[in-house]
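First comes the structure, then the notes that go with it.
Bear in mind that the values in this text are calculations on the coordinates, not laboratory data. Computed from a prediction, not measured in an experiment: that's the story for all the values here. Quick reminder, even Gly has a Cβ in these numbers, built from the backbone with ideal geometry, and neighbours come from all protein chains shown.
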Amino acid sequence: IHAKVKSVERGNCNEITTVVEVKDILKSSMPITQSQVPLLTNSSCQCPPLQPKQDVLIMCYEWRSRLMLLDGCLVEKWKDQLNKRFKRWEQRLQEQKQRTARSKNQNTGRSGRSGAPKPSNKNTNTLVSGPKKATKTRNGQKETKAKKV
């Protein structure tokens with residue numbers, strides 16, 4: 001998210017609420033409104049302190065339509081070249097997805113089976129059916145075996 005910091009407020013306990021104005025959504029799995037959005041941070045977070053009127057790049061979590069800045073998140077000063085880099089990266093990802101989809105479509109016709117199925121190598125007529133003999137196994141259950149004639 002490309003955003004501009006509007007205000008920073010310390011809340012109860014360790015909570016810091018930063019109101020940011022979302023300028024551009026580069027990528028998101030959830031819909032984020034392009035307006036002023038609260039960014040919640042724990043004061044124990046090792047993030048750099050955000051200053052009002054500062055443009056930043058934010059990579060964070062979303063929870064109940066709030067942005068959560070936790071450990072593992074990223075906040076950097078915004079640079080115009082970041083937008084260009086991101087767009088190039090997204091374009092490469094899209095091209096890669098298209099290539100893999102095309103190769104999957106080409107390989108679907110090549111299942112390895114063509115023509116009639118192979119005949120079975122098993123000879124089913126090796127034993128002649130005859131009377132069966134019941135034998136006991138170790139645990140007392142009866143087992144039936146074919147008797148050779």
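At Q96 and V19, where each label point lies 7 Å from the Cα along Cα→Cβ, what is the point-to-point distance in nanometres?
It is 4.0 nm.
Can you sort W78, W89 by how many other beta carbons sit within 10 Å, fewest first?
On the way: W78 17, W89 12.
Starting with the residue having the fewest Cβ neighbours, the order is W89, W78.
Checking the table K77/K97; K6/K27; K6/K97; K23/K104; K53/K97 against a 28 Å threshold on Cα-Cα, which pairs fail?
Details: K77/K97 31 Å; K6/K27 21 Å; K6/K97 38 Å; K23/K104 38 Å; K53/K97 38 Å.
The pairs that break the limit, which is 28 Å between Cα atoms, are K77/K97; K6/K97; K23/K104; K53/K97.
Report ³J(HN,Hα) in whole Hz for each residue of the stretch 6-23, in order, from the Karplus equation J = 6.51 cos²θ - 1.76 cosθ + 1.60 where θ = phi - 60°; Gly and Pro get x.
Going residue by residue, I get 9, 7, 10, 10, 8, x, 6, 6, 9, 7, 10, 10, 10, 8, 10, 9, 6, 8 Hz, with x marking Gly and Pro.
Based only on other Cβ atoms within 10 Å, what is the fewest-to-most ordering of M59, M68? If you can, show how the numbers build up before the last one.
Values: M59 13, M68 16.
Ordered from fewest to most neighbouring Cβ atoms within 10 Å, M59, M68 come out as M59, M68.
With a 10 Å Cβ neighbour count serving as the proxy for reagent exposure, in which order, fewest first, do I16, I1 appear? Intermediate values should be presented prior to the final figure.
Working: I16 18, I1 22.
In order of increasing Cβ crowding within 10 Å: I16, I1.
Full extension from M68 to Q51: what is 0.36 nm times the residue separation minus their Cα-Cα distance, to one decimal in nm? Let's see the in-between values first.
Working: separation 17, 0.36 × 17 = 6.12 nm, distance 1.72 nm.
Gain on extension, M68 to Q51, equals 4.4 nm.
Need the list of aspartates and glutamates near K87 for cross-linking: C-alpha distance under 15 angstrom, and skip anything on the same chain fewer than eight residues off.
D24, E95
Shape call for the stretch 2-79 from the C-alpha gyration tensor, a ≥ b ≥ c root eigenvalues: rounded (a/c under 1.5), prolate (a/b greater than b/c) or oblate? Don't skip to the answer; put the middle values down first.
On the way: a/c = 1.42, a/b = 1.25, b/c = 1.13.
Because its axes are fairly even, with a/c under 1.5, the stretch 2-79 counts as rounded.
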